[in-house]
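Just so you know, all these numbers are worked out from the coordinates, no wet-lab data involved. Keep in mind the model is a prediction, meaning the values are calculated, not measured. Cβ placement follows ideal geometry from the backbone for every residue including glycine, while neighbour counts extend to all protein chains displayed.
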Amino acid sequence: MIKNKMIKRGISLVLLSSIVGLSACEKKLGTEQERAAASSSDIVLTTEDSGEESVAIAALGLNANVLPSIEGVTIDGQAEELAPVNLTVGVINSVVKDLQERLMQLGYMEDDEPTTYYGDATSKAVQYFQRQTGRSMDGITGVDTWDALMADNAPHYAAKLGFKGDDITKIQYRLYNLGYLTESGQINGTFDADTETAVKKLQEVNHLTVDGTVGAATVDLLYSEDVKANIIALGEQSEIVKKYQNRLIALGYLSGEADGNFGLSTQNAIRAFQSRNDQVVDGYLGPDTRHILDSESAKPFGMRLGEQSSDVQNMQKLLAKYGYLPSDKASGYFGELTKDAVLSFQRTNGLTADGTVGAKTLQILQSNSAKSKPKNSRNGNNGNSRRGGGNTGGGGNAAPSGGFSSGSGGATVSGSASALISIASSKIGSPYVWGSKGPNSFDCSGFVYWCLNQAGVGTSYMTSSGWRSPGRFKKVGASELQEGDIVVVRGHVGIYAGGGSVIDASSSNGRVVHRSFSGWWSKNFITAWRIFS
């Protein structure tokens, strides 16, 4: 448990009717108006030297301005203005780091390197704590909120009946897509009786304690690959399943004929579709997945750079058969060499040359009319090109079943680390929004997901927990980091930018930042993944 660092640093709260006698402070007041404002303040914080760094919080002056700092108060050897009693959005002070650290520990804020900046994400986390403890949700950390937050018995985050907020909306949205809420109108931002019933059902089906409260275990479950849905899923047989099988066949994710039986091939096809269409990959026919499948904007199947599966390996074997790829390179991983081979095949066979294996390209590859690689020809070098659009055209002619396997976990993509860093850098300053996957706002995992896909590395959306073992990239240690590596720390993920720095969507900064790979990152380091060779 984090101790109250205000107390640890020797800060005592003194109630005074005026500041007469505090000559060190009074000498700093230059006008009668300032002296009057200071004299009318009720609270002044003083400091004592406890052998550690000293921090003081001053009373508010006129118009909530911070009173001048007391001489001798330093932070890491640097003079610092005293923080206001009420910490609000825009305040920059060292005590904010302690506040954020505590909010993260109790689950109100995403794990991140604490900063001195009190931004919107910090204010929102404070509101959730205030809601939890029955306080007014103003997002301001005054003395009362601070003391309650730093107390040993401060409650952890838990959403329950009667609560309102953006976090409740997100919980309801996920419950809806898992089939525990049945109507979109039930997504209303209020934890009502319907939501409580849905949570209890989720907990019952997934063998959690059934209390109707969304605590840490339930939050983790909602986005886990192991969550069991209350929806159209594996084993079901119906006309609805048949309808969407036909759609998956038309988009190139599924082969054969639709039979209405929700088997493994259908589940894998749905997973592949969800990955390609920027959804949570869970293999269920939830309302969002059905909506995208029904829309004209649904992206068709296309194996692309960065993917790894048995389907990729089968495609590589066909490329090798026609002389576009050495047979010993049919590893199941879609790297730059495979992309070059695909581009060459597409040009030779009169297809749109985008380096992506969609339904049309695969159909020609699997036909008897495919043209072999001309003798003495060379593959184009598009190692640094970005991913193009997927092949259009429908038909389920011998299309793959979809899905992505884990593979050996040691593959890399060559030549595009600088492109990834450039893409990530272009989003510096974009706001941090929990659960957002771009293009204008992000959370940490959404930022990594968006940047990788923009750089042409096909990957599905994973939370920071999912990045602990994505299964297909080369694992590296902290001392081996190179530009373009994905860095995973406790509860957080970012992109290593080289030179001892990282680019990430930071909750504590409230935006995408380029910052030092500091001691906090080293202390909380779990692993890193080499995406580019």
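Rounded to the nearest 20, the size of the Cβ-charge dipole of the stretch 417-530 about its Cα centre is 200 debye, with Lys and Arg at +1 and Asp and Glu at -1.
When each of the peptides 243-249, 325-331 is scored by the mean number of other C-beta atoms lying within 10 Å of its residues, the order from highest to lowest reads 243-249, 325-331.
Remark: spin-label model distance LEU264-ALA217 equals 3.1 nm, labels positioned 7 Å along the Cα→Cβ axis. Distances between placed amide hydrogens fall under 5 Å for ALA83 paired with ALA56, ALA58, all partners being 5 or more residues away or on another chain. Taking 7 Å steps out from each Cα toward its Cβ at ALA320 and ILE240 produces label points 4.3 nm apart. In this calculation the C-beta distance from SER224 to ASP144 is compared with R0 = 35 Å, giving a FRET efficiency of 0.45. Per-peptide packing, taken as the mean over residues of other Cβ atoms within 10 Å, places 99-108, 520-529, 298-307 in the sequence 298-307, 99-108, 520-529 from highest down.
Each listed q (0.10, 0.14, 0.18, 0.19 Å⁻¹) maps to a log10 I(q)/I(0) for the stretch 417-530, found by the Debye formula over equal Cα scatterers with no solvent: -0.23, -0.46, -0.81, -0.91. Charged side chains reduced to their Cβ positions (Lys and Arg at +1, Asp and Glu at -1) give the stretch 186-240 a dipole of some 60 debye around its Cα centre. Close amide H pairs (under 5 Å, H built 1.01 Å from N) link SER436 with ASP443, residues at least 5 positions away or on another chain. For SER506, the amide hydrogen comes within under 5 Å of the amide hydrogens of ARG511, VAL512, VAL513, counting only partners 5 or more places away or on other chains and with H modelled in the peptide plane.
Dipole of the stretch 417-530 (Lys/Arg Cβ +1, Asp/Glu Cβ -1, origin at the Cα centre): which of ALA417, SER516, PHE473 lies farthest to the positive side? Of ALA417, SER516, PHE473, it is PHE473. With the simple spin-label model, which puts each label point 7 Å out from Cα in the Cβ direction, the SER516 to THR133 separation comes to 3.2 nm. Once you list every other residue whose beta carbon is under 10 Å from the beta carbon of ILE526, what net charge do they have if Lys and Arg are +1 and Asp and Glu are -1? Neighbourhood net charge equals +2. Net length available on complete extension from PHE525 to ALA193 is 115.4 nm, with 0.36 nm assigned per residue and the Cα-Cα distance removed. Computed from backbone phi, the HN-Hα couplings of the stretch 191-201 come to 6, 9, 5, 4, 5, 4, 4, 5, 5, 4, 5 Hz, rounded to whole numbers (Karplus: 6.51 cos²θ - 1.76 cosθ + 1.60, θ = phi - 60°; Gly and Pro given as x).
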